[in-house]
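Working notes for the structure below.
The values are calculated or read from the model by the stated rules, or taken from the named source; none is laboratory data. In this text the structure is predicted, and so the values were computed from the model without any measurement. Every residue, glycine as well, gets a Cβ built from its backbone with ideal geometry; the counts of neighbours run over all protein chains shown. These accessible areas exclude ligands, DNA and RNA; they are computed on the full protein's heavy atoms, side chains included. Shrake-Rupley method; radii C 1.70, N 1.55, O 1.52, S 1.80 Å.
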Amino acid sequence: MGTFAHHGKVIAVTGGARGIGEAIVRRLCSEGAHVFATYNASSSRADAIAAEIRAAGGTVTFLQVDVSNEDSVKGFIEAVVAQGGRLDGLVNNAGITKDGLIMRMSAKDWHDVIDTNLSGVFYACKAAARPMMSQRSGRIVNIGSIVGLQGNAGQANYSSAKAGLVGLTKSLARELASRNVSVNCVAPGFVETDMTDKLTDDQKASFFGNIPLKRGAQTDEIASVVSFFLAQESSYVTGQVLNVDGGLAM
Ligand code: NAP
């Protein structure tokens, strides 16, 4: 593992103790970054991952953050800048699902998903904008979803939050470009994590049938694209949504 060079960079990643976020944290550490990752409920996993990364020579700091709470997110970004001395990258990965058809979707399930998946990203981007603008450099990567582009029955809350991330990404890309801060969105299709583990084998098989590559993604296939958006190699790319979905949406 390890393709792009992130030596000496300070990068913040939300939801780093499981799934796609864990793969992003492991990859960025193997590529030389000092990663500040968050966990919310998964504290023992965070400890175990941190120990493994440090044993392999990487630098990682895990902090507890609830992304749906603005003070918690603001405190996280302030701690990163205080401890890391700068902020080169922010990856907004933390997210939840609370699926249901709209007739049965409670207002609480609507708000919980919007609060975590969309407002949480706003809080982090707002807190990160100041240090990145004063540095005159920075990269923000938001983890969206193809359902934010295509919609999905049973996911009105989730797909609305992910569609909102597209507007947030493009608006911030325009606001921050003059200070050399890029903002992009990576939109996965189906990735093998706890989030998709809830599906039955039959549901997975029918989903895979519609994917040109005929399989779901491994988490590192998302992490590698995130790393590209944080790297020097993507210096002229901003405001983009890149589908990483095996060809599902084209
Ligand atoms: P996952 O395995 O279910 O992990 C969810 C992550 O979000 C965990 O790290 C969790 O932290 C964190 N999280 C949840 N609520 C939080 C909160 N209030 N505050 C802070 N952290 C919170 O999910 P995943 O599949 O890796 O998904 C990661 C991202 O990719 C999400 O944005 C998701 O929408 C997106 N995505 C996933 C897929 C897929 O097929 N899996 C497809 C498209 C997009 P704790 O465990 O510490 O609570």
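Per-structure values
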{"item": "Computed P(r) (all Cα pairs; the range 109-176; 10 Å bins; percent)", "result": "21, 48, 24, 7, 0"}
{"item": "Kirkwood estimate for the range 66-172, i.e. one over the average of 1/r between Cα atoms, Å", "result": "14.4"}
{"item": "Normalised convex hull volume, the range 176-223, alpha-carbon set, Å³ per residue", "result": "104"}
{"item": "Cα-based reach from residue 74 at 21 Å (exclusive), listing lysines while leaving out same-chain residues under 8 positions away", "result": "9, 126"}
{"item": "For the range 10-243, accessible area per residue (1.4 Å probe, heavy atoms of protein chains only), Å²", "result": "45"}
{"item": "Computed FRET value (nearest 0.05) for residue 55 with residue 200, which takes r as the C-beta separation and R₀ as 30 Å", "result": "0.20"}
{"item": "Net charge contributed by nearby residues that have their C-beta within less than 12 Å of residue 6 (K/R +1, D/E -1)", "result": "0"}
{"item": "Computed over the range 138-250, Kirkwood Rh from alpha-carbon pairs, angstrom", "result": "14.8"}
{"item": "Inter-centroid distance (Cα atoms) of the range 70-132 relative to the range 151-169, Å", "result": "15"}
{"item": "Contact order relative to length of the range 10-243, as percent, for alpha carbon pairs under 8 angstrom and 6 or more apart", "result": "21"}
{"item": "Helix 19-30 axis, angle to the chain major axis (alpha carbon atoms, nearest 10°)", "result": "30"}
{"item": "The range 4-148 - Rg (one decimal) and Dmax (whole number), Cα, Å", "result": "15.4, 51"}
{"item": "Equivalent-ellipsoid semi-axes of the range 35-116, from the Cα gyration tensor, Å, largest first", "result": "30, 16, 10"}
{"item": "Sequence-separation-based contact order of the range 121-237, relative, with Cα cut under 8 Å and 6+ spacing, percent", "result": "28"}
{"item": "Isotropic mean projected area of the C-alpha convex hull, the chain (nm²)", "result": "12.8"}
{"item": "The range 142-182 - Rg over Rh from alpha carbon coordinates, Kirkwood radius", "result": "1.13"}
{"item": "Reachable lysines from residue 214, criterion Cα separation under 27 angstrom, eight or more residues apart if same chain", "result": "98, 162, 198, 204"}
{"item": "Distant-in-sequence amide H partners of residue 243 (H built 1.01 Å from N, under 5 Å)", "result": "187"}
{"item": "Interchain or long-range residues, amide H under 5 Å from residue 140's placed H", "result": "90, 182, 183, 184"}
{"item": "Tilt relative to the chain, helix 156-176 - C-alpha long axis, 0 to 90 degrees, to 10", "result": "30"}
